[in-house]
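The values are calculated or read from the model by the stated rules, or taken from the named source; none is laboratory data. In this text the structure is predicted, and so the values were computed from the model without any measurement. Don't worry about glycine lacking a Cβ; one is built from the backbone with ideal geometry, like all the others, and counts go over all protein chains shown.
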Amino acid sequence: MASSSEAGPALSAAPGDKVQHLTKAEETSSTVEEPAAVTPSRGSEPTEPTAIRPTDPASEAAAPLSHHDSAEARSIPTVQKDGPSSHEQLGIEIAEAPSVAALSVDSGERDDDSALGDTSIYTTNTSARSSVYDFVLENGRTYHSYREGKYELPNDEREQDRLDLQHHLFLLTLDGQLYNAPIKDLPGGLHNALDIGTGTGIWAIDFASEFPSANVIGTDLSPIQPDLVPPNLHFEVDDAEDPWLFSNQFDYIHGRALAICFKSHMTVIKSAYNFTRPGGYFELQDCIVPFRCIDDSMKGTTLERWVDLIMQATQKIGKDWTRVRKYKEYLEEAGFEDVVEKKYEWPVGTWAKGKKEKLLGLWYREDLLSGLQGFTMALLTRALGMSTVEVELLLTGVREDIKSNKIHIYIPVRVVYGRKPL
Ligand SMILES: C[S@@+](CC[C@H](N)C(=O)[O-])C[C@H]1O[C@@H](n2cnc3c(N)ncnc32)[C@H](O)[C@@H]1O
C-alpha cells in the first residue's frame, strides 16, 4: 500500500482528449448521468435472484434500452476486414464450441418467451485522503485518481450501477450464492475475509451480512463504496498489486471481475496465498473476452470488429483478458491445493434455448449495453489512439448488433477456488 503521491499515469490520454482532475463534489455535478434501465440498489440486504426483474420481458422491446437511442441516429460504420483478425493474429480462438452445457439457438428468438458499524474509507497514508476522492474526468467519464491511469474503466455512478447489475448476474449464475468455495463449515470457522477490487462493495456488503461475526475488508483503487454498511465491514483504498500489509491472514479471500485490473495476476495471487491462513480458501470469479460464437453469425459484423479492437487494446497495455483461462493454473502454481474450476456462460441476448439461459442473456445484454461506452472509451483512446468520435461511431454499430438478438455470442464465465495447505 503506497502513497498516492507517487502515482503517475501509466498511460497518457490520446491527443486532443480532455483530461481533468475533479474534486468529489465537482464530479457529482459534472457527470451527465443517463438513466440506467436496471438499477438495483447498492448496499441492500442479500437479494434472491428470483426476486430480481431486470426488465419486464414483455415490454423490453419498448423501453429498457432507450438510454442508448440518441447515439443511433448516426451512421453505422462499415466493417473493414482486411486479412486475419487480431484474434487470429494473436492465436486466440474465438469460435470454440461451448465448454459447458452447450448453448443452442431458440428458433423463436423472442424476448417475451414464456420460458423466462462504523465505516471508514481511508488509505494507509492519511494525508492522501482528499486526493483519492479527486476523480479524473476524461471524455465525460470519471476515473480513479489513486494510481491514476492504472485501470481503464470509469468509476462514476453509471459504472457503479452497472457493477451492481452485474452482481445480480453473478448471483443468478451461482444460484444465489456469493461464493463457490466450501467456506460455510470451514474448520476453525470464518473470522476474517477480504474482497479485493471490491468496486461498489456490493458483494462485500452481502458477504458481511451473511457472516455477521466475521471481519470483512474490501479494497479498491476507488473510494466509491457506500457509508452505510454492516458494522463488520470496512473499506480501504489500495492497489492489490502492491505488497500486502494486512496485519492478519484471512480465512477467505475473494476477487471478482478483475480480469483487466492487473499487469500481473500472479503477483496478486501470490499475495493472496501468503495472506490466506492454512486451510483457508481463495476464490476468483470472472468473465473471458473474447466472446464466443456458436455459429458464424458474428462474422463480418461491427461487433466482431469491436471485439478485435478490445483484444488489441488490452494486449497492448499488458492486460490480456484471456488470462482468466489460466486462473486454475495460477492458483496451483502459487501453492493452492484441490483447485476447482467451474464453467458458466452468459449469452448476449435471449437467443439461447432455456429459461435460465434467456434470463442470463437478458441481464447480460443490459450489463454489456450499459457498460459498453465505459469499457471501450479509455481502452481504445488510450491504447489504440482512436478519437472519441471514432469510438462513439463504432459503438453505435455495436449496440445495433447486440440488440438485434441475431448474433449468437456468449461470454465464458469462470469460478476458480483453491485451499491453502494445512
Ligand atoms: C469490474 S470492477 C469489479 C468490482 C467488484 N469486484 C464486483 O464484482 O462488483 C473492478 C474493480 O477493481 C478495481 N481495481 C482495478 N485495479 C485494481 C487494483 N490494481 N487494485 C485494487 N483494485 C483495483 C476497480 O477500481 C474496480 O472497482
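Things to note:
- With respect to being over 30 Å from Lys403 (Cα atoms), within 15 Å of the ligand (Cβ to nearest atom) and surrounded by fewer than 22 Cβ atoms within 10 Å (Cβ to Cβ), Ser247 falls outside the description.
Here is a yes/no grid of residues against (1) farther than 18 Å from Asp286 by Cα; (2) of a type in the set (D, E, K, R); (3) in contact with a Pro (Cβ under 9 Å, 6 or more places away or on another chain); (4) crowded, with 22+ Cβ neighbours inside 10 Å:
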| residue | (1), (2), (3), (4) |
| --- | --- |
| Lys319 | no, yes, no, no |
| Val324 | no, no, yes, yes |
| Ala334 | yes, no, no, no |
| Lys342 | no, yes, no, no |
| Pro347 | no, no, no, yes |
| Thr350 | yes, no, yes, yes |
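- Scanning the range 130-159 for residues that are buried (at least 22 other Cβ atoms within 10 Å of the Cβ) and among the polar types (S, T, N, Q) yields Thr142, Ser145, Asn155.
- Filter result (out of contact with any strand residue (DSSP E or B) (no Cβ under 9 Å at 6 or more places or on another chain) and in a helix (DSSP H, G or I)) within the range 344-361: Lys355, Lys356, Leu359
- Yes/no for Arg277 being away from the ligand (no atom under 15 Å from the Cβ) and among the basic types (Lys, Arg): yes
- Selection from the range 196-211 of residues that are near the ligand (Cβ under 7 Å from one of its atoms) and of a type outside the set (Val, Ile, Thr): Gly197, Gly199, Trp203
- Residues that are modelled with pLDDT of 95 or more, acidic (Asp, Glu) and surrounded by fewer than 23 Cβ atoms within 10 Å (Cβ to Cβ) were ranked within the range 169-223; the one that is farthest from Gln249 (Cα to Cα) is Asp175.
- Residues considered: Tyr273, Tyr281. Of these, the only one that is in contact with a Gly (Cβ under 8 Å, 6 or more places away or on another chain) and within 22 Å of Leu171 (Cα to Cα) is Tyr281.
- For the range 212-227, the set of residues classified as near the ligand (Cβ under 9 Å from one of its atoms) and either touching a helix residue (DSSP H, G or I) at 6+ places or on another chain (Cβ under 9 Å) or not β-branched (Val, Ile, Thr) (or both) consists of Gly218, Asp220, Leu221, Ser222, Ile224, listed by residue number.
- Scanning the range 213-233 for residues that are under 15 Å from Ser145 (Cα atoms) and aliphatic (A, V, I, L, M) turns up Leu221, Ile224.
- Some residue of the range 283-303 being modelled with pLDDT under 95, acidic (Asp, Glu) and either out of contact with any helix residue (DSSP H, G or I) (no Cβ under 8 Å at 6 or more places or on another chain) or not in a helix (DSSP H, G or I) (or both): no
- Unique residue being within 16 Å of the ligand (Cβ to nearest atom) and at negative phi when the list is Asp308, Asp296, Asp242: Asp242
- Qualifying residue in the range 261-270 (condition: away from the ligand (no atom under 14 Å from the Cβ) and charged (D, E, K, R)): yes
- Qualifying residues in the range 228-239 (those that are buried (at least 23 other Cβ atoms within 10 Å of the Cβ) and in a strand (DSSP E or B)) - the one farthest from the ligand (Cβ to nearest atom): Leu233
- The condition of being assigned to a strand (DSSP E or B) and either surrounded by fewer than 23 Cβ atoms within 10 Å (Cβ to Cβ) or at pLDDT 95 or above (or both) holds for only one of Arg399, Arg414, that being Arg414.
- Among the residues listed as Gly189, Gly176, the single one being farther than 23 Å from Ala257 by Cα, more than 10 Å from the ligand (Cβ to nearest atom) and in a loop (DSSP other than H, G, I, E, B): Gly189
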